[in-house]
Amino acid sequence: MAAPIPKAALYYSKLSIWASVPLLALEEKGYGPDEVDLKEVDLSTGENFAPSYLRINPHATVPTLVVPLQNTLQAEIESRYKAIQDSRAIVEFLDKSRSSQSRTHTTSMAPAPALTPATIAFSATSNKIIDLLHSEPADPNALVYFNARDDKSLKQLAHDVLPKLTAKRETLTKLIHDNETAHIRVSEKTQKFWEVKRIASDGIISILQNASKNADELDATAQKARSEYFAAANAAWNALKEVLLQLHQEIIGPYALGDQLSLADLHLAAWLARLAKLSGATGADDGNTVTDKIEVHIGNGFKLPKEFSVAEARRRAGLPPGNVQPTDRQNRLAAFWDAMKERPSWKKVYADGLH
Ligand SMILES: N[C@@H](CCC(=O)N[C@@H](CS)C(=O)NCC(=O)O)C(=O)O
């Protein structure tokens with residue numbers, strides 16, 4: 001009997017924003033569960049820093065897609081694999097690997113729509129949007145740690161993230177210790193990487209450990225650290241205004257490239273879901289409510305221009321017209337949200353709420 005064809009494996013974490021991008025892609029492309037194995041990596045306990053994971057992704061991030069190399073698919077050759085270590089490259093790979101003609105289909109015969117933009121102009125817009133979403137001022141993971149701009153929200157943030165941060169730090173400490181005492185053996189580079197990661201978490205951990213104290217109960221050093229933290233948090237949320245305005249300008253609507261879903265939409269969906277969550281929205285909210293909440297959360301009277309026809313957005317997304325008046329207008333991110341959240345892929349990835 002021929003050995004089974006080796007499968008690809010997607011390493012992901014349920015609450016990770018960038019791992020949600022390939023998870024959306026798997027659904028949109030119609031991959032069957034027998035085509036890709038899903039392997040969960042627990043970021044909250046620092047499982048991603050284990051030497052076995054670093055071997056497939058030395059950046060210690062999810063997602064990672066491990067795929068068998070094409071020319072090793074015969075049963076007699078031991079399979080060899082390559083690891084794709086970035087959400088952008090992974091969804092490009094998933095898009096190209098499954099077309100209506102591809103031979104990898106096993107149980108799933110679902111159609112495999114092309115998500116790669118069809119023209120040079122669309123590619124340029126798509127790349128611009130994806131670059132912007134992965135740029136430093138848009139960093140959705142940094143925004144999690146900067147999601148407090150006063151004492152009250154700092155207390156809440158400590159409650160939400162401190163247990164995970166300290167668990168991760170403990171894992172790093174144990175790995176460093178085990179290496180030093182020769183329980184495990186890793187390269188000097190890996191040891192340095194763990195140390196750098198541990199130091200990076202120390203700053204925010206000390207701010208959050210003090211969160212239960214009022215500012216006047218802190219010593220001078222801790223007081224200064226807290227006010228520097230608030231200044232950085234304000235700067236981070238302020239910088240987001242420009243990101244949102246640029247996105248709004250690039251998106252054709254309701255999807256990034258108009259009425260067809262494409263790669264950029266997968267990145268945008270995951271990014272906007274995170275921003276919505278940080279702004280207090282839920283998966284049940286409609287696009288106008290979500291963008292209102294994001295605008296209020298950013299503050300200082302920030303508003304996205306409401307210039308897109310709601311009726312047109314719904315028509316392009318194939319949604320029923322509903323109770324919409326011809327004069328109703330919304331911003332493009334609200335139109336995107338309404339279109340995206342109706343898709344089975346979105347409903348599946350966000351079934352347990354936004355993350
Ligand atoms: N550029 C990478 C970024 C991946 C990334 O930052 N992933 C986060 C989760 S969304 C992660 O794994 N962080 C490691 C950690 O939290 O320790 C991509 O797009 O895949």
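Rule-based calculations on the coordinates, nothing more; no lab input. The structure presented is a predicted model; accordingly, all values stated were derived computationally and were not measured.
Short to long, the 20 Å bins of the Cα pair-distance histogram for the chain hold 26, 54, 19, 1 percent of all pairs. Evaluating kT/(6 pi eta Rh) at 4 °C and 1.567 mPa s, with the Kirkwood radius of the range 148-212 over Cα pairs in the Stokes-Einstein relation, gives 100 µm² s⁻¹. Expressed per residue, the C-alpha convex hull volume of the range 229-355 stands at 106 Å³. Taking 0.890 mPa s as the viscosity and 25 °C as the temperature, the Stokes-Einstein diffusion coefficient of the range 139-257 based on its alpha-carbon Kirkwood radius rounds to 146 µm²/s.
Beyond 17 Å, what share of the Cα-Cα pairs of the range 203-300 remains, rounded to the nearest whole percent? When every Cα pair of the range 203-300 is considered, 63 percent fall beyond 17 Å. When both the range 130-149 and the range 301-347 are represented by their alpha-carbon centers, they are found 24 Å apart. With a threshold of 31 Å on the Cα-Cα distance, the over-threshold entries among Lys128/Lys306; Lys39/Lys303; Lys192/Lys293; Lys29/Lys303; Lys7/Lys277 are Lys39/Lys303; Lys192/Lys293; Lys29/Lys303; Lys7/Lys277.
Summarising the strand pairing of the chain, around 65 percent of its internal DSSP beta bridges are antiparallel. Counting only residues at least eight positions apart within a chain, or on another chain, the aspartates and glutamates with an alpha carbon under 15 Å from that of Lys174 are Glu47, Glu195.
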